[in-house]
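Chemist: Starting off with a structure, shown below.
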Amino acid sequence: MTTLPPVVAVALVVAVLTVGVYGVAVVDRLVSAVVAGWMVSAGEALAAPLRAVAVAVTRQPVTTEAPDRILWVLAPAAYAGLAAAALAVVPLAPGVAVTDVRTGIVVFGAAEALAIVAIFLHGWAPNAPLPLIAGYRFVGVALSYELLSMFVLIAAAIPAESMSIGAIVESQAGLWNVIRQPLGLPLFLIVAAGVTFLGPLDVVDSTDLAGGGAAEDSGMQHLAWSAARAAMLIAFSAASAAVFLGGWHGPVLPAAVWMALKTAGVATVLVGARHVIARVSPERFVRWAWTVLLPLAFLDLVIAGMASL
Amino acid sequence: MTGVDVAFWVFALAAVWSGYRVFRTDSMVRASFLLLASFLNVGAILVLLLAEYLGTALLFMMTVEMVVMALFMVMFMMNPAGLNPMEMVHQPRLAAVAGVVTTAGLGLVAVVVDFPDAPVDPAAETIRALGTELLGGSMLVFESAGVTLLATMVCAVILSAARGRYGDGTAGSVAPPLEPGGDHRPEDDLVGDGGGGHHHHGGH
């Protein structure tokens, strides 16, 4: 197995995230149009992200009274950086990863946990009521699904006998984890929806808090935060494809193409969920997460453990 | 000086600096996350020492712990949202003396003791060795501690749950008096049918 030089691999992660963020914005525009019953031409959808950038650049920056300016500015950078760190341990084709470390799923889990800090601080920093409420509400919800992610990732590591994501992909040559461990992917997608706060789990930047965590963001700041959120969505999509959907395994097409198709497919499902599934009540979700989802994650571990005996 | 040496010094200085800042800042939330920054740098040093699993596990364990800590401190400290400036040290003189003595003691140990120099082979199966230790020789100790902690967490969640098998967790709670030593006014209660804000019981 050949490995890419680190410089090339880092450039590849940046390229994947850039294309991915653009793609997420285009798909978001298309899905929102379809759901609303509007007509939208392909050219219009492709131009939508650029138009959003133009609007953000020309908008007047506003600020709040006594914000924590450093945290406020750095939060989107931290969030995007964590997306890149998470993607760095996901091989995009055999041997093509920044670093397919032996502790791949632990690094991914750490990036995911640190994203909670970035999202919370992004709400805390403006020193304003609505973002603050959103930040605290997010932490309450996030703590209830954080364990799910670790359990389903550990379950995927059992048949691979390794915590490296490359080894987990290799272990799915015969049978994909989505069939072998049917509970894994749905639970992981719930975590993905939570960490990128979209659709049913948009408890952060939601309309019931007038924009919540991003209520005081303006112009470029808002753009950076949206882009970072889309980057995290791509990192989660790539991890879902690698850990549960067999990664680069597939007939006829080259390995990297399969991986790209699966990642794009998962990302489209997540973006679609944003428009077709209503937001759940945070309180109800927390109860549901501890009493239903967590036992399901345990069951997923038991299934994986029994199968490997 | 290799790249690893440079990385070590960067992480070590960042860990010490953010640890120092914990006590110099004026907010619970900032203090929690500066402490987290310190831990993250220590985790990175563990990874440099090829304790990859311990280092990366430290990253996510400490992250979740500090998030919980920040949340609960703000909830219990009556400092709205952790935004109001407040002193981060208690008994500053004693704390300063204890800090200087501890730092000097540990520093002396670090300088005087002749530590063994046993570089780890990067290809060594350190994670497997750790797993064998945890689930082999030390299994009884670790499993007992693990199950005890799990039971504690489950019990804490049950005790703090709003609704339990013995009814509402808020049953019988009364509002504090507005004046110190004043009388309890049932109409201030947020729960129960004492009059509060919710008049949907119909049967009064």
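The values are calculated or read from the model by the stated rules, or taken from the named source; none is laboratory data. As the structure is a computational prediction, the values presented were derived from the model and not from experiment. With ideal geometry, Cβ positions are generated from the backbone for all residues, glycine too; neighbour counts draw on all protein chains shown.
Chemist: Being exposed (fewer than 10 other Cβ atoms within 10 Å of the Cβ) and not charged (D, E, K, R) is the filter here, so list the residues in segment B:114-147 that pass it.
Modeler: So the first thing to find is which residues in segment B:114-147 are exposed (fewer than 10 other Cβ atoms within 10 Å of the Cβ), and the list is B:114-119, B:121-123, B:136, B:140.
Residues satisfying the conditions are B:F115, B:P116, B:A118, B:P119, B:P122, B:A123, B:G136, B:L140.
Chemist: Could you say which residue among A:P76, A:P159, A:P67, A:P131 is in a loop (DSSP other than H, G, I, E, B) and either over 16 Å from the mean Cα position of the chain (by Cα) or more than 10 Å from chain B (Cβ to nearest Cβ) (or both)? Working first, answer last.
Modeler: Details: A:P76 fails: in a loop (DSSP other than H, G, I, E, B); A:P159 fails: in a loop (DSSP other than H, G, I, E, B); A:P131 fails: in a loop (DSSP other than H, G, I, E, B).
Going through A:P76, A:P159, A:P67, A:P131 in turn, the sole match is A:P67.
Chemist: Separate question: Have a look at B:V47, B:V4, B:V67, B:V97 and point out the one that is surrounded by fewer than 13 Cβ atoms within 10 Å (Cβ to Cβ) and under 27 Å from A:I105 (Cα atoms). If you could, list the steps in order and put the result at the bottom.
Modeler: Numbers: B:V47 fails: surrounded by fewer than 13 Cβ atoms within 10 Å (Cβ to Cβ); B:V67 fails: surrounded by fewer than 13 Cβ atoms within 10 Å (Cβ to Cβ); B:V97 fails: under 27 Å from A:I105 (Cα atoms).
Matching residue, one of B:V47, B:V4, B:V67, B:V97: B:V4.
Chemist: Still on this structure: For segment B:107-145, how many residues meet the condition of being without any contact (Cβ under 8 Å) to a residue 12 or more places away in the chain, in a helix (DSSP H, G or I) and under 28 Å from B:V47 (Cβ atoms)?
Modeler: Residues of segment B:107-145 without any contact (Cβ under 8 Å) to a residue 12 or more places away in the chain: B:107-119, B:121, B:123, B:125, B:128-129, B:131-145.
Now drop any that are not in a helix (DSSP H, G or I), which leaves B:107-112, B:128-129, B:131-137, B:139-145.
Now restrict to residues that are under 28 Å from B:V47 (Cβ atoms): B:107-112, B:128-129, B:131-137, B:139, B:141-143, B:145.
So the count comes out to 20.
Chemist: Considering only residues that are out of contact with any Pro (no Cβ under 7 Å at 6 or more places or on another chain) and either of a type in the set (S, T, Y) or surrounded by fewer than 24 Cβ atoms within 10 Å (Cβ to Cβ) (or both), which ones fall in segment A:93-112? Talk me through it step by step, then tell me what you get.
Modeler: Looking only at segment A:93-112, we keep the residues that are out of contact with any Pro (no Cβ under 7 Å at 6 or more places or on another chain), and these are A:93-96, A:99, A:101-112.
Answer for segment A:93-112, where residues must be out of contact with any Pro (no Cβ under 7 Å at 6 or more places or on another chain) and either of a type in the set (S, T, Y) or surrounded by fewer than 24 Cβ atoms within 10 Å (Cβ to Cβ) (or both): A:A93, A:P94, A:G95, A:V96, A:T99, A:V101, A:R102, A:T103.
Chemist: Taking segment B:1-30, which residues are within 13 Å of chain A (Cβ to nearest Cβ) and under 24 Å from A:D68 (Cα atoms)?
Modeler: Residues of segment B:1-30 that are within 13 Å of chain A (Cβ to nearest Cβ), as a first pass: B:3, B:21, B:25-30.
Within segment B:1-30, B:R21, B:T25, B:D26, B:S27, B:M28, B:V29, B:R30 meet the criteria.
Chemist: Additional query: Here is a list of conditions, (1) more than 18 Å from the chain's Cα centre (by Cα); (2) of a type in the set (A, V, I, L, M, F, W, C); (3) within 14 Å of chain A (Cβ to nearest Cβ), and B:A118 meets all of them except one; can you say which number that is?
Modeler: (3)
Chemist: Go through (1) modelled with pLDDT under 90; (2) under 19 Å from the mean Cα position of the chain (by Cα); (3) more than 12 Å from chain B (Cβ to nearest Cβ) one by one and return the number of the condition A:S144 breaks.
Modeler: If we test A:S144 against (1) modelled with pLDDT under 90; (2) under 19 Å from the mean Cα position of the chain (by Cα); (3) more than 12 Å from chain B (Cβ to nearest Cβ), just (3) comes out false.
Chemist: Would you pick out the residues in segment B:37-76 that are more than 17 Å from A:G140 (Cα to Cα), facing another protein chain (nearest Cβ under 8 Å) and of a type in the set (S, T, Y)?
Modeler: B:Y53, B:T56
Chemist: Which residue out of A:A86, A:A78 is crowded, with 23+ Cβ neighbours inside 10 Å and either at pLDDT 90 or above or touching a strand residue (DSSP E or B) at 6+ places or on another chain (Cβ under 6 Å) (or both)? Outline the logic, then answer.
Modeler: Numbers: A:A78 fails: crowded, with 23+ Cβ neighbours inside 10 Å.
Residue meeting the stated conditions: A:A86.
Chemist: I would also like to ask the following. If the requirement is being under 24 Å from A:L309 (Cβ atoms) and within 14 Å of chain B (Cβ to nearest Cβ), which of these qualifies: A:F120, A:F138, A:F151?
Modeler: Working: A:F120 fails: under 24 Å from A:L309 (Cβ atoms); A:F138 fails: under 24 Å from A:L309 (Cβ atoms).
After ruling out the rest, the residue left standing is A:F151.
Chemist: OK, next. Quick one: is B:L34 modelled with pLDDT under 90 and either under 19 Å from the mean Cα position of the chain (by Cα) or away from chain A (no Cβ under 13 Å) (or both)?
Modeler: Working: modelled with pLDDT under 90: no; either under 19 Å from the mean Cα position of the chain (by Cα) or away from chain A (no Cβ under 13 Å) (or both): yes.
Answer is no for this residue.
Chemist: Can I ask one more? Mind listing just one residue for me: the one in segment A:100-114 that is assigned to a helix (DSSP H, G or I) and within 9 Å of chain B (Cβ to nearest Cβ) and, of those, farthest from A:A239 (Cα to Cα)? Let's see the steps before the verdict.
Modeler: Step one: of segment A:100-114, the residues assigned to a helix (DSSP H, G or I) are A:104-114.
Now drop any that are not within 9 Å of chain B (Cβ to nearest Cβ), which leaves A:106-107, A:109-114.
Working: A:V106: 12, A:V107: 12, A:G109: 11, A:A110: 14, A:A111: 12, A:E112: 12, A:A113: 15, A:L114: 17 Å.
Once the filter is applied, the top-ranked residue is A:L114.
Chemist: If only one of A:V55, A:V19, A:V13, A:V8 is at pLDDT 90 or above, under 30 Å from A:T99 (Cβ atoms), out of contact with any strand residue (DSSP E or B) (no Cβ under 8 Å at 6 or more places or on another chain) and loosely packed, with under 15 Cβ neighbours inside 10 Å, which one is it?
Modeler: Numbers: A:V55 fails: under 30 Å from A:T99 (Cβ atoms); A:V13 fails: loosely packed, with under 15 Cβ neighbours inside 10 Å; A:V8 fails: at pLDDT 90 or above.
Unique residue meeting the criteria: A:V19.
Chemist: Of these, A:R229, A:R279, A:R287, which one is out of contact with any helix residue (DSSP H, G or I) (no Cβ under 8 Å at 6 or more places or on another chain) and under 23 Å from A:L209 (Cβ atoms)?
Modeler: On the way: A:R229 fails: out of contact with any helix residue (DSSP H, G or I) (no Cβ under 8 Å at 6 or more places or on another chain); A:R279 fails: out of contact with any helix residue (DSSP H, G or I) (no Cβ under 8 Å at 6 or more places or on another chain).
Of A:R229, A:R279, A:R287, the one residue that is out of contact with any helix residue (DSSP H, G or I) (no Cβ under 8 Å at 6 or more places or on another chain) and under 23 Å from A:L209 (Cβ atoms) is A:R287.
Chemist: Yes or no: A:P186 out of contact with any strand residue (DSSP E or B) (no Cβ under 9 Å at 6 or more places or on another chain), modelled with pLDDT of 90 or more and not in a helix (DSSP H, G or I)? Steps first, please.
Modeler: Values: out of contact with any strand residue (DSSP E or B) (no Cβ under 9 Å at 6 or more places or on another chain): yes; modelled with pLDDT of 90 or more: yes; not in a helix (DSSP H, G or I): no.
For A:P186, the condition - out of contact with any strand residue (DSSP E or B) (no Cβ under 9 Å at 6 or more places or on another chain), modelled with pLDDT of 90 or more and not in a helix (DSSP H, G or I) - is not met.
Chemist: While we're on this one: Might you let me know whether segment B:98-108 holds any residue that is among the hydrophobic types (A, V, I, L, M, F, W, C), under 30 Å from B:A129 (Cβ atoms) and within 10 Å of chain A (Cβ to nearest Cβ)? Talk me through it step by step, then tell me what you get.
Modeler: First, pick out the residues of segment B:98-108 that are among the hydrophobic types (A, V, I, L, M, F, W, C): B:98, B:100-101, B:104, B:106, B:108.
The next check asks that each one be under 30 Å from B:A129 (Cβ atoms); those that pass are B:106.
Now drop any that are not within 10 Å of chain A (Cβ to nearest Cβ), which leaves none.
No, that holds for no residue.
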